[in-house]
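One structure follows; several queries about it will come next.
The values are calculated or read from the model by the stated rules, or taken from the named source; none is laboratory data. Values in this document were obtained by computation on a predicted structure and should not be read as measured data. FYI the Cβ positions are ideal-geometry reconstructions off the backbone, even for glycines, and counts take in every protein chain you see.
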Amino acid sequence: MTTVTPDGSPTGKVEILEEAVIRFAGDSGDGMQLTGNQFSDSAALFGNDLATFPDFPAEIRAPIGTLAGVSAFQVRISSNDIHTPGHLLDVLVAMNPAALKVHLPDLKHGGILLVNTGNFGKRDWEKAGYTSNPLEDETIVEPYHLVQVDLNHLTKETLKDTNLDNKAIMRCKNFAALGILLWMFNRDLEPTIRAIKERFGKKAPEIADANVAVLVAGRNYAETVELLDHTFQVDQAELEPGIYRNIMGNQATGLGLLAASKLTGVQLFLGSYPITPASDILHQLSSYKQDGVITFQAEDEIAAICSTVGAAYAGMLAVTTTSGPGVALKTEALGLGVMAELPFVVVNVQRGGPSTGLPTKTEQADLYQAIWGRNGECPLPVLAAASPVDCFYMAIEAFRIATKYMTPVLLLTDGYLANGSEPWKLPKIEDLPKFEVHFETNPEGFQPYKRDPETLARPWVRPGTKGMQHRIGGLEKEDGSGNVSYDSENHFHMVKTRQAKVMGIAKDIPAPELHGDSEGDLLVLGWGSTYGSIYGAVDKARKEGFKVSQLHLRHVFPLPEGVDKILAGFKRILVPEMNMGQLTNYMKTQISADYISYPKVTGKPFYNDEVLRKIREVLA
Amino acid sequence: MTATQDSPKGKLKKTFFKSDQEVRWCPGCGDYGILNAVQSTFAELGLERENIVIVSGIGCSSRFPYYMETYGFHSIHGRAPAVATGVKLSRPELEVWVITGDGDALSIGGNHLIHTLRRNVGLKIILFNNRIYGLTKGQFSPTSEIGKVTKSSPYGSVDMPFNPLSLALGVGATFVARTIDVMGKHMREVLKAAHEHEGTAFIEVFQDCNIFNHGAFDPIVKKEVRDDRLVDLRPNQPLVFGQDHDKGLIWDCNQLRVVKLGEADETGKVWKEEDLVVFDPSNPNPSLAFALSHLREVDEPTPIGVLRSIKQASYEKMVHGQIQGIQDKKGERSLEDLIYAGKTWEVK
């Protein structure tokens, strides 16, 4: 914890911190996601900058108290501008021994360890694989500031006069933990009480009352017994003025897709098959019925993309959402989309692979698949969102490119972006990108593959348009007429034309923004969700005096124009990525430079300090 | 392709639906008969060319869209029902037909077929069943009979075949029919009934592949045997067949059994037309249709015509009905409403 001398506050009572990283960990049934979200909301309302990241188990309901069933939620609150949910913890809340065992390694030495002793019976710690009570084992807890509270007892006592049964009472205990944390960080309970009432008030007012009572009891208990000899304060961050909301990446993607539909006036169609970690986009768009969104939960990944192809042909803004294994199944239909030159978007929320891999963990190892993973010469644009909020803008961008160039577009996000959240300064509607969609309706001289000379896009015709009946398909087409053609020269011409069309997009996309000076010893080059980790690391390294800058790609294929010139300003290029060097190798095929691959494939994102260490090591 | 001629209803010729592309099926292929029947039916129905979309998969039959002066999409192997579902859900007002074959629909595309049928998407699916893989030059298909000798089964196939009609009935199809490539008039009637149907219409067409499986259906469809080997299902009519209308089907011991009319059987019973099963394709209970689909081709009559036609709301109607209902209740939101939703706060 970085400490600053408190200014004007009671001496020794309140410590002012620049930031704090807090993790709530417990059993999947302990409500840790809700607790973490409530804490984050109160921090957002207070004016902190923040970033969150949940960590749920792959099993839906693993046996209670086991390591497999541990669910966690991490939030980093700061008085500075931050871009990641942080790495090592200042505070760990462990609701049971399993949560302690899984998450203790991430707690900083000297960090606060709040445990619910109500769940530390012999059977509980045995279930977590301990041979004795870990709280009594100095080799385990000695490095930390251990704070023990029997939250079960506290909750039961608080609610003993209610009509709730024991099970319902015990479900409230997470709010006791939240009450303690809100006290610890000197936060007002009011916004949280309002939120609880909003959430439970209508359907179950007695549950709302119970949660509020336990929340207050937790805070009062901590204050009365002076649980810590001092509390903490993380001041407001200097955020740009405006209206904010906290948003997760998947949510931002879903909203961006709908925004594209609203901006163009073309109806949105989603064909999708449930898959972790992409399903939330399907859920969200399925709830947008009032906005006319058609969602089709298909029988499989292939039907999901094929219905999307059909919808694009029918004149919709069509999208399919999935993760890596789903993209593998969609590959043939992607080729059809390239051949038929139809506009649609495929969102790949990447997860750990190969095969089923690590469904709930993050990875960026589908880049080769995105750029090169199809039969034949099959180029299509590949975009990658850089942050949870960026998912919104990249979803719009994906549709802009798809409809302007009549091509499928792959948008890559990942589990880290999908479930991570950050405050979003809401844009003015008039500042959103504008793009128009044109449907060809003039039969005069119409040919299905007659191309726009500038974009090389073929016309988009809605079936039902009189006098423009035509046939398309996966067989090679004669340019212009669109008739089936096996002519060898025509095939070569078409291969080159499809390639030229996609490569031409390079002129139509913004050059990536350089963070730092345009010349130096090292450029840290990234793509996708590593943006925040690299940003923070480069920032610190620059403060330490290193001549290092950051370049982040959101348009990965084709590369925007001018990237080669930017790269030329640096002696070496460091490429951190959550794979074995896929961007590095791709870049080698595009621009000659001295690349250093920095892979990490652990199912976890990069941390600022890891990237920072690597920068120091390279420049040592 | 760019003809803009209006379609005066009722006066159309089948050439109105003929595209400028040369038809490239093998001379003598059963596909020609089907193309003819579809073009004639569309003309008789007076359909607008621009409102028709024909989606196909891969296989000989799937070249069909190129020969039709309508909107067409020659997609990928087995996926036509999925592509067509996307089209129909997006644009329910369009008439969407799917052309597929026994390999395309029942092998690689089996999953899409069964789910399309259970959802009752408003597609008209014509399955060209020639019981062979033609385009890949002669391997056994999911409808080839046991023992079939082909390039990939030189010692005879040991794969149990599908019965497409039983399959469709089994997954809850709302319209199931069968017709034959050489019986143009019959086919046109079936196609018209399919056009009228709300939801998925599934039509199996026995189609001769004169190169790799020539004469596969001869034992039941040749002119001289046809009347004795086929039973043409007519709504609410007794199940009579035979050149002299002298045979029929009765329900006996939980199954259909063939009897000779006007003659005493071994028990001395003389069967009359009123003893026969009266068939009603609109019966929601599919048991009788299922029993008909299971008649043995070797020694029992093969049913043709409409086996099932029941009323059930189409999938696209349900989807759009739900959207409309919610829109009527809640109203559409502006982009601003959507973005500025949830818990917001202001930084000053």
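Regarding B:P284, is this residue within 23 Å of the chain's Cα centre (by Cα), without any contact (Cβ under 8 Å) to a residue 40 or more places away in the chain and assigned by TED's automatic domain parsing to the domain that holds B:R131?
So B:P284 fits the description; yes.
Could you list all residues from segment A:109-153 that are within 33 Å of the chain's Cα centre (by Cα) and either outside the structural domain of A:A177 (by TED's automatic domain parsing) or closer than 15 Å to A:A98 by Cβ (or both)?
A:L113, A:V115, A:N116, A:N119, A:K127, A:A128, A:G129, listed by residue number.
List the helices (runs of 4 or more DSSP H) that sit entirely inside segment A:255-343 and contain at least 3 residues that are within 11 Å of chain B (Cβ to nearest Cβ) and at pLDDT 95 or above.
Qualifying helices (runs of 4 or more DSSP H): A:301-313, A:324-340.
Of all residues in segment B:153-182, which are more than 19 Å from B:H112 (Cα to Cα), within 13 Å of the chain's Cα centre (by Cα) and not in a strand (DSSP E or B)?
If the condition is that a residue be more than 19 Å from B:H112 (Cα to Cα), within 13 Å of the chain's Cα centre (by Cα) and not in a strand (DSSP E or B), then B:D181 is the only one that fits.
Given A:D300, A:D235, A:D280, which one is within 21 Å of the chain's Cα centre (by Cα) and charged (D, E, K, R)?
Matching residue, one of A:D300, A:D235, A:D280: A:D280.
With the structure loaded, tell me whether B:I310 is more than 11 Å from chain A (Cβ to nearest Cβ) and within 22 Å of the chain's Cα centre (by Cα) or whether it fails that test.
When the stated conditions are applied, B:I310 passes them.
Just to confirm my filter: which helices (runs of 4 or more DSSP H) fall fully inside segment A:530-620 and include at least 2 residues that are closer than 29 Å to A:I505 by Cβ and over 23 Å from the mean Cα position of the chain (by Cα)?
Output list reads A:563-568, A:582-590.
Continuing with this model, one more query. If A:K496 satisfies every condition in (1) out of contact with any helix residue (DSSP H, G or I) (no Cβ under 7 Å at 6 or more places or on another chain); (2) part of a helix (DSSP H, G or I); (3) in contact (Cβ under 8 Å) with a residue 40 or more places away in the chain; (4) not hydroxyl-bearing (S, T, Y) but one, which is the exception?
Every condition holds for A:K496 apart from (3).
Please note which strands (runs of 3 or more DSSP E) are completely contained in segment B:33-144 and include at least 2 residues that are at pLDDT 95 or above and within 9 Å of chain A (Cβ to nearest Cβ).
In segment B:33-144, B:52-56, B:71-74 are the strands (runs of 3 or more DSSP E) which contain 2 or more residues that are at pLDDT 95 or above and within 9 Å of chain A (Cβ to nearest Cβ).
Show the residue pairs that are 6+ apart or on different chains and have beta-carbon atoms under 9 Å apart, the first residue being within segment A:230-248 and free of Cβ contacts under 8 Å to residues at least 60 places away in the same chain, the second being assigned to a strand (DSSP E or B).
Partner pairs satisfying both residue conditions: A:P241/A:K425; A:P241/B:E346; A:P241/B:V347.
Continuing with this model, one more query. Within segment A:136-171, can you find the residues that are hydrophobic (A, V, I, L, M, F, W, C) and in contact (Cβ under 8 Å) with a residue 24 or more places away in the chain?
Once the filter is applied, which keeps residues that are hydrophobic (A, V, I, L, M, F, W, C) and in contact (Cβ under 8 Å) with a residue 24 or more places away in the chain, segment A:136-171 yields A:I140, A:V141, A:L146, A:V147, A:V149, A:L151, A:L154, A:L159, A:L164, A:A168, A:I169.
Continuing with the same structure: Does A:L358 satisfy the condition of being more than 10 Å from every other protein chain (Cβ to nearest Cβ) and closer than 23 Å to B:R118 by Cβ?
no
Can I ask one more? What are the residues in segment B:162-176 that are touching a Phe, Trp or Tyr at 6+ places or on another chain (Cβ under 7 Å) and crowded, with 22+ Cβ neighbours inside 10 Å, if any?
B:A168, B:L169, B:A173, B:F175, B:V176
Would you check if there is a residue in segment B:326-336 being touching a strand residue (DSSP E or B) at 6+ places or on another chain (Cβ under 8 Å) and either surrounded by 15 or more Cβ atoms within 10 Å (Cβ to Cβ) or in contact (Cβ under 8 Å) with a residue 12 or more places away in the chain (or both)?
The answer is no; no qualifying residue exists.
A further question on this structure: Counting only residues that are of a type in the set (A, V, I, L, M) and buried (at least 17 other Cβ atoms within 10 Å of the Cβ), which one in segment B:296-307 is farthest from the other protein chains (Cβ to nearest Cβ)?
B:I304
Okay, moving on. So for segment A:558-569 (the condition being at negative phi and surrounded by 23 or more Cβ atoms within 10 Å (Cβ to Cβ)), does at least one residue qualify?
No, segment A:558-569 contains no residue that is at negative phi and surrounded by 23 or more Cβ atoms within 10 Å (Cβ to Cβ).
Also, I was wondering about something else. Within segment A:145-194, count every residue that is within 16 Å of A:D209 (Cβ to Cβ), out of contact with any Leu (no Cβ under 9 Å at 6 or more places or on another chain), among the hydrophobic types (A, V, I, L, M, F, W, C) and buried (at least 21 other Cβ atoms within 10 Å of the Cβ).
The number of residues fulfilling the criteria is 1.
State whether the residues of segment A:215-223 include one that is outside the structural domain of A:K425 (by TED's automatic domain parsing) and free of Cβ contacts under 8 Å to residues at least 40 places away in the same chain.
Yes, segment A:215-223 contains a residue that is outside the structural domain of A:K425 (by TED's automatic domain parsing) and free of Cβ contacts under 8 Å to residues at least 40 places away in the same chain.
Now for a different question. For A:N250, all conditions in the list (1) assigned to a helix (DSSP H, G or I); (2) among the polar types (S, T, N, Q); (3) in contact with a Lys or Arg (Cβ under 9 Å, 6 or more places away or on another chain); (4) within 30 Å of A:E299 (Cα to Cα) hold save one; what is the number of the exception?
So A:N250 meets the others, but not (3).
OK, next. Check whether at least one residue in segment B:77-94 is hydrophobic (A, V, I, L, M, F, W, C), surrounded by fewer than 24 Cβ atoms within 10 Å (Cβ to Cβ) and touching a helix residue (DSSP H, G or I) at 6+ places or on another chain (Cβ under 7 Å), and report yes or no.
Looking through segment B:77-94, at least one residue is hydrophobic (A, V, I, L, M, F, W, C), surrounded by fewer than 24 Cβ atoms within 10 Å (Cβ to Cβ) and touching a helix residue (DSSP H, G or I) at 6+ places or on another chain (Cβ under 7 Å).
For every residue, the table says whether it meets (1) within 11 Å of chain B (Cβ to nearest Cβ); (2) surrounded by 17 or more Cβ atoms within 10 Å (Cβ to Cβ); (3) under 40 Å from the mean Cα position of the chain (by Cα); (4) farther than 22 Å from A:V345 by Cα.
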position	(1), (2), (3), (4)
A:Y416	no, yes, yes, no
A:E430	yes, no, yes, yes
A:G445	yes, no, no, yes
A:K450	no, no, yes, yes
A:I472	yes, yes, yes, no
A:L475	yes, no, yes, no
A:E478	no, yes, no, yes
A:A500	no, no, yes, no
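Filter segment B:241-280 down to the residues that are closer than 18 Å to B:R308 by Cα and crowded, with 17+ Cβ neighbours inside 10 Å and list them by number.
B:L249, B:L256, B:V277, B:F279
Out of the residues in segment A:322-345 that are in contact with an Asp or Glu (Cβ under 9 Å, 6 or more places away or on another chain) and of a type outside the set (A, V, I, L, M), which is surrounded by the fewest Cβ atoms within 10 Å (Cβ to Cβ)?
Only one residue tops the list, namely A:P325.
Could you list, in sequence order, all residues of segment A:310-348 that are under 16 Å from A:L257 (Cα atoms) and either under 24 Å from the mean Cα position of the chain (by Cα) or β-branched (V, I, T) (or both)?
A:L317, A:A318, A:V319, A:T320, A:T321, A:T322, A:F344, A:V345, A:V346, A:V347, A:N348
Okay, next question. Anything in segment A:56-81 that is surrounded by 23 or more Cβ atoms within 10 Å (Cβ to Cβ), closer than 28 Å to A:Q233 by Cβ and not polar (S, T, N, Q)? List them, or say none.
Result: A:A72, A:F73, A:V75, A:R76, A:I77.
Further question on the same structure: For the subset of segment B:313-339 comprising residues that are more than 7 Å from chain A (Cβ to nearest Cβ) and over 34 Å from the mean Cα position of the chain (by Cα), which member is nearest to B:K124 (Cα to Cα)?
Taking the candidates together, the pick is B:D328.
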